[in-house]
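Trainee: Pasting in a structure now, in structure tokens, and then I'll have a few things to ask.
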Amino acid sequence: MNSPLLEVRGLQKHFLQRRGFPWPKTTTIRAVEDISLTIQPGEAMGLVGESGCGKSTAARAMLRLIEPTAGTVRFKGENVLTARGEALKTMRRRMQIVFQDPYSSLNPRQTVGSALMEPMAVHNIATGPDARRRAAALLDEVGLPADALDRYPHEFSGGQRQRIGIARALTVEPELIVADEPVSALDVSVQAQVLLLLRELRERRGLAFLFVSHDLSVVRWFCDTVAVMYLGRIVEQGPVAEVLRAPLHPYANMLREASPEPDPSRRGILPRIIGEIPSAAAPPPGCAFHPRCGAGLAICSKIVPPLKALSDGRAVACHLYSPISGRPFSTTPAAISA
Ligand code: SF4
């Protein structure tokens, strides 16, 4: 087996919030509580969950765009969280991000050419005419004309701006792209074109992806593996086809049930998502999903279920699949409704 490209263990990100007048109180927001995952070279992993589950915060903490509170992140074996100077600069070059909002991620006073050539200069890849030639080639690769080099971001549509954001990520020849909801701000008609572009780039360049999304149908189409997050923790992970066909965790099952069905013959009325995600400032004790879970056991409100690896390459954090629940250990979705 290849050595992993990205290895994350026990990642935490807490924020402190001071609120109240006249005696403000400090609260800890547990945005990311305990995330462990591994991405192999060329693999596309989806990170899914409802808004507020901590998926974007986790992705940014992995890249050190925000400093994690605890945990380890290794990129090709090198510790990302302790790297300094040139070592950190090299790692940052190899791990790039494509943001959700293509407009706010581009400087409105900078031409597209300058936005593409700047990272090449910072990382000593190319300058001058060579950088301009490379920038024009990148624009061509993402489906934009070379004359876009001398234009400004406001002159482009949302889909074109996202193509510019993708070209900018490619300027430094990354091996891993973190795509943070890359199409959710785009019109539906444009989403498919940008997704096709990302998949072509993935195949042509052998890129690995951490694909953050709330849209299971997009993740099913784009990714090899998926990790489902709930309130700062991964509750289920494994091959995307198996996890989304027959989720084991009740929350993953609820998300799947509420996701639009691509096969028209199997479409019905979408079930409602029950309840809301609790506040990360006051997570419920035990399994954070227990107030919304119809299959809750007595143990669920007391003990946090660990993420347990199963024999089929999947892992699930639920007492239904743990011998300490007192129930027969099972790895079948039927156990959820039993
Ligand atoms: Fe539901 Fe308990 Fe499993 Fe949590 S641990 S998902 S509450 S059955």
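Trainee: Being of a type outside the set (D, E, K, R) and out of contact with any helix residue (DSSP H, G or I) (no Cβ under 8 Å at 6 or more places or on another chain) narrows it down to one residue among PRO41, PRO68, PRO102, PRO108; which is it?
Mentor: Details: PRO68 fails: out of contact with any helix residue (DSSP H, G or I) (no Cβ under 8 Å at 6 or more places or on another chain); PRO102 fails: out of contact with any helix residue (DSSP H, G or I) (no Cβ under 8 Å at 6 or more places or on another chain); PRO108 fails: out of contact with any helix residue (DSSP H, G or I) (no Cβ under 8 Å at 6 or more places or on another chain).
None of the other options fit; the residue is PRO41.
Trainee: Show me the strands (runs of 3 or more DSSP E) found entirely inside region 1-102 where at least 2 residues are touching a Phe, Trp or Tyr at 6+ places or on another chain (Cβ under 7 Å). So that I can check it myself, show each step before the final result.
Mentor: On the way: elements: 6-19, 25-39, 44-48, 70-75, 95-98.
Once the strands (runs of 3 or more DSSP E) in region 1-102 are filtered for at least 2 residues that are touching a Phe, Trp or Tyr at 6+ places or on another chain (Cβ under 7 Å), what remains is 25-39, 44-48.
Trainee: Return the pairs, sorted by first residue and then second, in which the second residue is in a strand (DSSP E or B) and not hydrophobic (A, V, I, L, M, F, W, C), the first residue lies in region 82-108 and is buried (at least 19 other Cβ atoms within 10 Å of the Cβ) and modelled with pLDDT under 90, the beta carbons are less than 8 Å apart, and the residues are 6+ apart or on different chains.
Mentor: Note: pairs meeting the criteria are GLN100/ASP180.
Trainee: A follow-up question, please. Which condition from (1) over 18 Å from the mean Cα position of the chain (by Cα); (2) free of Cβ contacts under 8 Å to residues at least 24 places away in the same chain is the one that TYR152 breaks?
Mentor: That leaves (2) as the condition not met.
Trainee: A further question on this structure: Restricting the first residue to region 17-35 and requiring it to be at pLDDT 90 or above, which pairs with a second residue that is among the aromatic types (Phe, Trp, Tyr) meet a Cβ separation below 8 Å and a spacing of at least six or different chains?
Mentor: Once the first residue is at pLDDT 90 or above and sits in region 17-35, its partners that are among the aromatic types (Phe, Trp, Tyr) give THR28/PHE15; ILE29/PHE15; ALA31/PHE15.
Trainee: Any idea which residue in region 288-316 is nearest to THR38 (Cα to Cα), counting only those that are in contact with a His (Cβ under 7 Å, 6 or more places away or on another chain) and within 8 Å of the ligand (Cβ to nearest atom)?
Mentor: PRO305
Trainee: Then there's this: Being of a type outside the set (Ser, Thr, Tyr), under 26 Å from LEU216 (Cα atoms) and in a loop (DSSP other than H, G, I, E, B) is the requirement here; does PRO108 meet it?
Mentor: On the way: of a type outside the set (Ser, Thr, Tyr): yes; under 26 Å from LEU216 (Cα atoms): no; in a loop (DSSP other than H, G, I, E, B): yes.
No: the conditions fail for PRO108.
The values are calculated or read from the model by the stated rules, or taken from the named source; none is laboratory data. Note that this is a predicted model, so its numbers are computed, not measured. Counting neighbours? That spans all protein chains shown, and the Cβs are built from the backbone with ideal geometry, glycine included.
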